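First up is the structure itself, then whatever we jot down about it.
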Amino acid sequence: MKQSKFKIGTAAALGLVALGVASCSESFLDVESKTESTTANFYQKDSDAYRALIGCYDGWQCTVASGPTFTFQHTSMLLSDECFGAYGVSDARNAQVIDRFDLGQDNSQVNLFNTLWELYYKAIYRCNMLINNMGGNESEEVKNYVGQAKAIRAFCYFDMVRLFERVPLVLTETQENIPQSEPAQTYAQIVSDLKSAIESISEAQNNNAGVPAYDGFITKYSAEAMLARVYLFYSGYYGSDPEGCSKADALAAVEDVISSKKFDLVENFKDLWPASAAEAYNGAADWSPLEHTTYERGNKECVLTLKFNYTADYNGNNDGNRTICQVSMGRGSVYAYPYGQGWSSCSVNPKLVNAFGSNDSRKSASIIDCAGEGVESAQDFVSKALKDQREYTGYFNKKFTALAEYKNGTLQSAIQDLMAGDWQISQCQDYVIIRYADVLLMAAELGSSNASDYFGKVHSRATGSNGTYSLENLKSERRLEFAFEGIRYWDLLRWGLQDAANTIAESGLVTKTAGNDDVVVIDAANITAKRGFMQIPQTQISLSNGVLTQNQGW
């Protein structure tokens, strides 16, 4: 029997990551060890399962940290009506291909998601190794680890099936070409994995849910919340229940999260995001945004978080949030406290800015108003950043942005003095994939008898008023509450393809490119022609020798 070789690292905690996940590398089961293991001599002890689980978490982290230009989160922003492709004047129009659903923006961009595709399947491979080699172990400890691996596999497939719809459903350690599965089959597996995780993850781990020091660990509650999200998307887009999950199941799952009392809303919305929390300090010389915000250990609103840290380097250790540098403004220049530099993709659509009410605290916490906050008058903005900016609207994403701090009177990147200190690879802000606010609003949408109360909790935090619950008001609430969190596009799509296309379409909005007028046109017909899904990487189609086929419209 052929033995698969891999290297697995120790479970020692690294930097600020509560999980202690090891650094990403290019091999399937990643990190360096003093001893080499094979499938013949590994997976013998409970501790082996834990070490393999660390590799699974690491593989999941790598889908963002290992350098895909367009991560799932970044792509979700571009696809929605929240943002435009932007980037710089001399950059390729790859973001515009995604933003406009139009390969005509740059016909060479046929592999936009090749790196992301490969990283997801590497993560899935690691999960398959653990599940298939230790899934029959009767130890409660191992059941816990296998349950978490199944949840990670479900998260990865849920991202892929939403992006590409028809993807190979690989459940073994095979490296053979596998045909694409129909979405119903993939969703059935996602539901099965999540339900298994809910049953298998240990009570001890579940008891620590909502404790900041355990932020990043998967619990039954994060699996339950994701199950509801899976149900809502599938049933909305496809018009039927996914196999194995009814509406009652989905509602019961989120009601269990709520009744656990493990989570709650953070009192002030701005405190959820490092940049908006930083504003209270107003550039104090002795203040570092990384020391005074919740980025490190999460908070009571975090239900599911993907962790990052600043331990990245250019030797294969990729642990930073690479999307942060893509969507942060600045074109490579630190120029306006508390904001650091980035490549300035995802300029914000003014329609979103105008959708917030005047008393909605989420507006200033979510959006950088370059004119209103003095960014446009900051040193070098016009001479360096704005002259190189494509599709400038005057607004950028504040929730996920690089940070700057004053050090000895000089403005510098907030992570400059942390290990490699590279603003491109060392960004350590986490992605909060599911917040408790989403759990409340999903429960309301699913028909909870407490729908008005759940809606009111979320709305009142932002506005001071409970508001009036209705489905249309809930849709508006989700738009404002979860801006830039990778949720809006998938909400639009599940509420109706044609309506989504009409909402995202632009007939001629005027932006600025290098200071000159630039009109953004997004044709609704491009979105409906592709049914809302993305292109399969051409490299993968070629490597499959005809097994894989391209998605409709691409």
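The values are calculated or read from the model by the stated rules, or taken from the named source; none is laboratory data. Since the model is a prediction, treat every value here as computed from it, not as a measurement. Cβ atoms come from the backbone with ideal geometry, glycine included; neighbour counts cover every protein chain shown. Ligands, DNA and RNA are stripped out before the accessible areas are found, and what is left, the full protein with its side chains, is counted by its heavy atoms. Shrake-Rupley method; radii C 1.70, N 1.55, O 1.52, S 1.80 Å.
Can you tell me how many residues within region 346-399 are in a loop (DSSP other than H, G, I, E, B), in contact (Cβ under 8 Å) with a residue 24 or more places away in the chain and either closer than 26 Å to Leu474 by Cα or touching a helix residue (DSSP H, G or I) at 6+ places or on another chain (Cβ under 6 Å) (or both)? Let's see the steps before the verdict.
Step one: filter region 346-399 for residues in a loop (DSSP other than H, G, I, E, B), giving 349, 356-361, 370-374, 378-380, 390-391, 393-394, 398-399.
Now restrict to residues that are in contact (Cβ under 8 Å) with a residue 24 or more places away in the chain: 349, 356-357, 359-361, 370, 373-374, 378-380, 390-391, 393-394, 398-399.
Imposing the further condition that a residue be either closer than 26 Å to Leu474 by Cα or touching a helix residue (DSSP H, G or I) at 6+ places or on another chain (Cβ under 6 Å) (or both) reduces the set to 349, 356-357, 359-361, 370, 393, 398-399.
Within region 346-399, residues that are in a loop (DSSP other than H, G, I, E, B), in contact (Cβ under 8 Å) with a residue 24 or more places away in the chain and either closer than 26 Å to Leu474 by Cα or touching a helix residue (DSSP H, G or I) at 6+ places or on another chain (Cβ under 6 Å) (or both) number 10.
Any chance you could count how many residues in region 61-75 are outside any helix (DSSP H, G or I) and open to solvent by 10 Å² or more (accessible area, probe 1.4 Å)? Outline the logic, then answer.
Step one: filter region 61-75 for residues outside any helix (DSSP H, G or I), giving 66-71.
Checking which are open to solvent by 10 Å² or more (accessible area, probe 1.4 Å) leaves us with 66-67, 69.
Here the count works out to 3.
Considering region 511-547 alone, what residues qualify as being assigned to a helix (DSSP H, G or I), open to solvent by 30 Å² or more (accessible area, probe 1.4 Å), of a type in the set (Val, Ile, Thr) and closer than 26 Å to Glu118 by Cα? Can you show your working first?
Taking region 511-547 and keeping what is assigned to a helix (DSSP H, G or I), we get 524-529, 538-543.
After this cut, where a residue has to be open to solvent by 30 Å² or more (accessible area, probe 1.4 Å) as well, the list is 525-526, 528-529, 538-539, 542-543.
From the residues that got through so far, the ones that are of a type in the set (Val, Ile, Thr) too are 528, 539.
Result: Thr539, single match.
Taking the conditions exactly as written (surrounded by fewer than 21 Cβ atoms within 10 Å (Cβ to Cβ), of a type outside the set (Val, Ile, Thr) and under 23 Å from the mean Cα position of the chain (by Cα)), does Ala188 satisfy them or not? Steps first, please.
Details: surrounded by fewer than 21 Cβ atoms within 10 Å (Cβ to Cβ): yes; of a type outside the set (Val, Ile, Thr): yes; under 23 Å from the mean Cα position of the chain (by Cα): yes.
When the stated conditions are applied, Ala188 passes them.
Any residue in region 171-187 that is without any contact (Cβ under 8 Å) to a residue 60 or more places away in the chain sitting within a Cβ distance under 7 Å of a residue that is of a type in the set (Phe, Trp, Tyr)? List the pairs, counting only those 6 or more apart or interchain.
Going by the 7 Å Cβ cut-off, the qualifying pairs are Thr186/Tyr157; Tyr187/Tyr234.
Quickly run through region 105-123 and pick out the residues that are of a type in the set (Gly, Ala, Ser) and outside any loop (DSSP other than H, G, I, E, B). Explain how you work it out, then say what you get.
So in region 105-123, the residues of a type in the set (Gly, Ala, Ser) come out as 108, 123.
The one that is of a type in the set (Gly, Ala, Ser) and outside any loop (DSSP other than H, G, I, E, B): Ala123.
Checking the condition in contact with a His (Cβ under 8 Å, 6 or more places away or on another chain), surrounded by 14 or more Cβ atoms within 10 Å (Cβ to Cβ) and in contact (Cβ under 8 Å) with a residue 12 or more places away in the chain, which residue from Glu477, Glu485 passes? Steps first, answer last, please.
Values: Glu485 fails: in contact with a His (Cβ under 8 Å, 6 or more places away or on another chain).
Being in contact with a His (Cβ under 8 Å, 6 or more places away or on another chain), surrounded by 14 or more Cβ atoms within 10 Å (Cβ to Cβ) and in contact (Cβ under 8 Å) with a residue 12 or more places away in the chain holds for just one of Glu477, Glu485, which is Glu477.
Given (1) part of a loop (DSSP other than H, G, I, E, B); (2) open to solvent by 50 Å² or more (accessible area, probe 1.4 Å), identify the lone condition not met by Gly210.
It fails just one condition, (2).
So how many residues does region 241-277 have that are surrounded by 22 or more Cβ atoms within 10 Å (Cβ to Cβ) and not hydrophobic (A, V, I, L, M, F, W, C)?
Of the residues in region 241-277, 3 are surrounded by 22 or more Cβ atoms within 10 Å (Cβ to Cβ) and not hydrophobic (A, V, I, L, M, F, W, C).
Name the single residue, out of those in region 401-428 being over 26 Å from the mean Cα position of the chain (by Cα) and either under 20 Å from Val64 (Cα atoms) or polar (S, T, N, Q) (or both), that is most open to solvent (accessible area, probe 1.4 Å).
It comes out as Asn408.
For Leu119, only one of the following conditions fails: (1) farther than 29 Å from Asp241 by Cβ; (2) modelled with pLDDT of 95 or more; (3) open to solvent by 30 Å² or more (accessible area, probe 1.4 Å). What is its number?
(3)
Tally the residues that are modelled with pLDDT of 75 or more and open to solvent by 30 Å² or more (accessible area, probe 1.4 Å), restricting the search to region 283-315.
Kept after step one, since they are modelled with pLDDT of 75 or more, are these residues of region 283-315: 298-315.
Narrowing the set further to residues that are open to solvent by 30 Å² or more (accessible area, probe 1.4 Å) leaves 300, 310, 313-315.
The qualifying residues number 5.
Would you check if there is a residue in region 372-379 being more than 21 Å from Val89 (Cβ to Cβ) and open to solvent by less than 20 Å² (accessible area, probe 1.4 Å)?
Checked region 372-379: no residue is more than 21 Å from Val89 (Cβ to Cβ) and open to solvent by less than 20 Å² (accessible area, probe 1.4 Å).
Does any residue of region 401-424 turn out to be small (Gly, Ala, Ser) and closer than 30 Å to Lys351 by Cα?
Restricting attention to region 401-424, the residues satisfying the condition of being small (Gly, Ala, Ser) are 402, 404, 409, 413-414, 420-421.
With closer than 30 Å to Lys351 by Cα added as a condition, the list becomes 402, 404.
Yes, region 401-424 has at least one match.
When you go through (1) open to solvent by less than 40 Å² (accessible area, probe 1.4 Å); (2) touching a Leu at 6+ places or on another chain (Cβ under 8 Å) one by one for Glu391, which number turns out not to apply?
Of (1) open to solvent by less than 40 Å² (accessible area, probe 1.4 Å); (2) touching a Leu at 6+ places or on another chain (Cβ under 8 Å), only one is false for Glu391: (2).
I need the full set of residues from region 448-474 which are open to solvent by less than 50 Å² (accessible area, probe 1.4 Å), more than 26 Å from the chain's Cα centre (by Cα) and touching a residue at least 40 places away in the same chain (Cβ under 8 Å), in order please.
Ser448, Thr463
Among the residues of region 218-259, how many are out of contact with any helix residue (DSSP H, G or I) (no Cβ under 6 Å at 6 or more places or on another chain) and not in a helix (DSSP H, G or I)?
Adding up the residues that qualify gives 3.
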